[in-house]
Amino acid sequence: MTKVKGWYIPGNEPPTSGRASVVRAVQTLHEDFAVVEWDGQPAVLTGGSYVCQQDAPAANALPVLAFVPSLLPGDLGHRSFQNTYGVRANYVAGAMANGIGSEEVVIAMANAGMMGFFGAAGLPTSRIEQAILKIQTEVGDLPYGVNLIHSPQDSRQEQETVDLLLKYEVRNVSASAFMKLTAPIVQFRVCGLYRDASGEIRSRNHIMAKVSREEVAEPFLRPAPEKFLTLLLKEGRITQEQAQWAAQIPMADDITAEADSGGHTDRQAAPVLLPLLCGLRDRIATELGIAHRVRVGSAGGISTPQAAAAAFSMGADYVLTGSINQACVEAGTSDMVKAMLAEAGMADVDMAPAGDMFEHGAEVQVLKRGTLFAMRGRHLYELYRQYDRIEDIPADILQKLEAQVFRQSIDEVWSACERFFAERDPAQIERAAAQPRHKMALIFRWYLGRSSRWAITGDPARKMDTQIWCGPGIGSFNAWTKGSFLEDPAQRSVAIVAINIMAGAASVARAQHLLQQGVDAGSETQTWIPRTLANPKLSTVTQ
């Protein structure tokens, strides 16, 4: 028998025995419960009072074998996250590019009391503006955010996006792909600085930076660099007071430890990356003596209640999801893609060249099952490395590219590139004229860029060329939802998925607490079966 850990004085409810009683108690998140010794056997008791002492406090007191306090979804992670963003749970639907993290995703998350970021990366400014206006109309004062991606190939787009965010007073930004800080992101942060009534320096503009290395995280954990403050002050983009205040606050409110994820990824291991970034955060805070605590969240593979519970147990202040949101009805992609994702297993992913950083050799993680994109993309990159110009590629290889991959001539592809860059970035055409290898890269990038559009539009003729950003977590998500209503792609709503993951994570944490006290009630206590929700609010799954 497990060691007695106190006494429980029963209330109006009698003890109940059996594993089903334990499972029910574990998953009734808002209630404390105890496993007590009753007639020589373990039983579950709720509704009474727990007394932690050696001797029995009353004649009817029962010896406690384990005691589990209530644990709600909103109790997971650091409470300051909820205070900063005005949310009810520390869960974020990440900003998948090209509007896959759609307005509908953001609106659904806001209405459910959680944070969602619009996937602005890869979209023109006019499209981002349209999304901001729609979201603001629908959510009012509820929390939401917009992605700001580092654009080394097009710094103008980055500045235009920041100008738009400031114009419409968008307060929350998900910063991604920043290998180093830039003037526009510093401007966004510093423009929001003010001194409150108590004299504390605060920021209305919040940055949640996605990082996968310590050297990338460090600039976000420190105040804005002086060189950018000087430049922004000279250009009249910030005030003298804001430039002075900037030295007293880190660039980010939150950094997200991005482990093995979909899209751009270093494929890091979360149990390694998260503690490293937490340690870096603490060392820099001690060094600088800054009271502002930067939170560290976990992303990559957050696709089940067990994964979320594991992240919180490692010290994550919040969790962020990506691939699984793309499989939901609100995602800005095609039903064809959602059906393909619903069939994916953990191993059905692969690495392929990244279109936006093709010449740097950067890669993205994509779905492998049902598409040849990864293989064809790698072939293009191998040709880019091997040859100096498109004309040097052997004729038979070019013919195969035109027939099987591009499905049009090289000249037609180049004409499309010229039309695109003439509007977006004419300097690329000038550079291509002087550097034949860059012209070849732009031609290959045409395929990489179009492949993501074919996925979003659901072009059946181009199914084998679809680029679908996806991490291995989609496999565990499909395994978790198999046999439940969420197995059907048409039933997958981002808010319902999020609530089930957070409620399930709280349930798993309670089951673990029970196990740590020496009571093993079986694997059923570790399993959260997805629940349908007519009203997708966190409170609807806590009872």
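The values are calculated or read from the model by the stated rules, or taken from the named source; none is laboratory data. Just so it is clear, the structure is predicted and the values come from calculations on it, not from any experiment. Heads up, the Cβs are rebuilt from the backbone with ideal geometry, glycines too, and the neighbour counts pull from every protein chain shown.
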**Message:** Checking D350 against (1) crowded, with 21+ Cβ neighbours inside 10 Å; (2) in a strand (DSSP E or B); (3) outside the structural domain of M114 (by TED's automatic domain parsing), only one condition comes out false. Which one?
**Reply:** (1)
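Residue by residue, here is whether (1) crowded, with 19+ Cβ neighbours inside 10 Å; (2) closer than 19 Å to V186 by Cα; (3) in contact (Cβ under 8 Å) with a residue 40 or more places away in the chain; (4) among the β-branched types (V, I, T) holds:
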| site | (1), (2), (3), (4) |
| --- | --- |
| G116 | yes, no, yes, no |
| R127 | no, no, no, no |
| A131 | yes, no, no, no |
| T137 | no, no, no, yes |
| G140 | no, no, no, no |
| V146 | yes, yes, yes, yes |
| D154 | no, yes, yes, no |
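So which helices (runs of 4 or more DSSP H) stay within the stretch 247-345 end to end and still have 2 or more residues that are in the same structural domain as L193 (by TED's automatic domain parsing) and touching a strand residue (DSSP E or B) at 6+ places or on another chain (Cβ under 6 Å)?
On the way: elements: 270-288, 305-313, 323-326, 335-342.
Passing ranges, in order: 270-288, 305-313.
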**Message:** All but one of (1) in contact with a Gly (Cβ under 8 Å, 6 or more places away or on another chain); (2) of a type in the set (A, V, I, L, M); (3) buried (at least 19 other Cβ atoms within 10 Å of the Cβ); (4) not assigned by TED's automatic domain parsing to the domain that holds I128 hold for L367; state the number of the condition that does not hold.
**Reply:** (1)
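Output the residues belonging to the stretch 215-259 that are of a type in the set (D, E) and closer than 16 Å to A316 by Cα.
Let us first name the residues in the stretch 215-259 that are of a type in the set (D, E), namely 215, 218, 226, 235, 241, 253-254, 258.
Passing the criteria: D253, D254, E258.
Sort out which residues of the stretch 511-531 are among the aliphatic types (A, V, I, L, M) and surrounded by fewer than 17 Cβ atoms within 10 Å (Cβ to Cβ), and write them in order of number.
Of the residues in the stretch 511-531, the ones among the aliphatic types (A, V, I, L, M) are 511, 514-515, 519, 521, 529.
Those that are among the aliphatic types (A, V, I, L, M) and surrounded by fewer than 17 Cβ atoms within 10 Å (Cβ to Cβ): L515, I529.
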**Asked** Limited to the stretch 68-87, what total is found for residues that are under 21 Å from C278 (Cβ atoms) and outside any loop (DSSP other than H, G, I, E, B)?
**Response** 8
**Request:** Check R24, R127, R79, R88 and return the single one that is under 16 Å from H513 (Cα atoms) and of a type in the set (D, E, K, R).
**Result:** R24
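Can you go through A352, A362 and tell me which one is within 27 Å of G322 (Cβ to Cβ), among the small types (G, A, S) and in contact with a Phe, Trp or Tyr (Cβ under 7 Å, 6 or more places away or on another chain)? Spell out how you get there, then give the answer.
On the way: A362 fails: in contact with a Phe, Trp or Tyr (Cβ under 7 Å, 6 or more places away or on another chain).
Criteria check complete, one pass: A352.
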**Message:** Need the failing condition index for Q54 against (1) in contact (Cβ under 8 Å) with a residue 24 or more places away in the chain; (2) farther than 17 Å from A511 by Cα; (3) in a loop (DSSP other than H, G, I, E, B), just the number.
**Reply:** (1)
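Please note which strands (runs of 3 or more DSSP E) are completely contained in the stretch 131-208 and include at least 3 residues that are more than 23 Å from the chain's Cα centre (by Cα).
Working: elements: 145-149, 172-176, 193-195, 201-203.
Hits in the stretch 131-208: 193-195.
Do we find that L398 is under 22 Å from G345 (Cα atoms) and either surrounded by 15 or more Cβ atoms within 10 Å (Cβ to Cβ) or of a type in the set (F, W, Y) (or both) in this structure?
Details: under 22 Å from G345 (Cα atoms): no; either surrounded by 15 or more Cβ atoms within 10 Å (Cβ to Cβ) or of a type in the set (F, W, Y) (or both): yes.
Answer is no for this residue.
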**Prompt:** From the list E104, E129, E138, which residue is outside the structural domain of L29 (by TED's automatic domain parsing), of a type in the set (D, E) and within 18 Å of T333 (Cα to Cα)?
**Reply:** E104
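Would you pick out the residues in the stretch 130-143 that are among the charged types (D, E, K, R) and more than 16 Å from A95 (Cβ to Cβ)? Walk me through it before giving the result.
At the first step, the residues of the stretch 130-143 found to be among the charged types (D, E, K, R) are 134, 138, 141.
Those that are among the charged types (D, E, K, R) and more than 16 Å from A95 (Cβ to Cβ): E138, D141.
Give the residue that is surrounded by the fewest Cβ atoms within 10 Å (Cβ to Cβ), with candidates limited to residues of the stretch 312-347 that are more than 25 Å from S102 (Cβ to Cβ) and in contact with a Leu (Cβ under 7 Å, 6 or more places away or on another chain). Step through it out loud before you land on a result.
Quick first cut of the stretch 312-347, residues more than 25 Å from S102 (Cβ to Cβ) only: 312-317, 345-347.
Narrowing further to those that are in contact with a Leu (Cβ under 7 Å, 6 or more places away or on another chain): 312, 314-316.
Values: F312: 23, M314: 16, G315: 14, A316: 26.
This residue is G315.
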**Prompt:** Does the stretch 201-215 hold any residues that are touching a strand residue (DSSP E or B) at 6+ places or on another chain (Cβ under 9 Å), touching a residue at least 60 places away in the same chain (Cβ under 8 Å) and farther than 14 Å from M251 by Cβ, and which are they?
**Reply:** S212
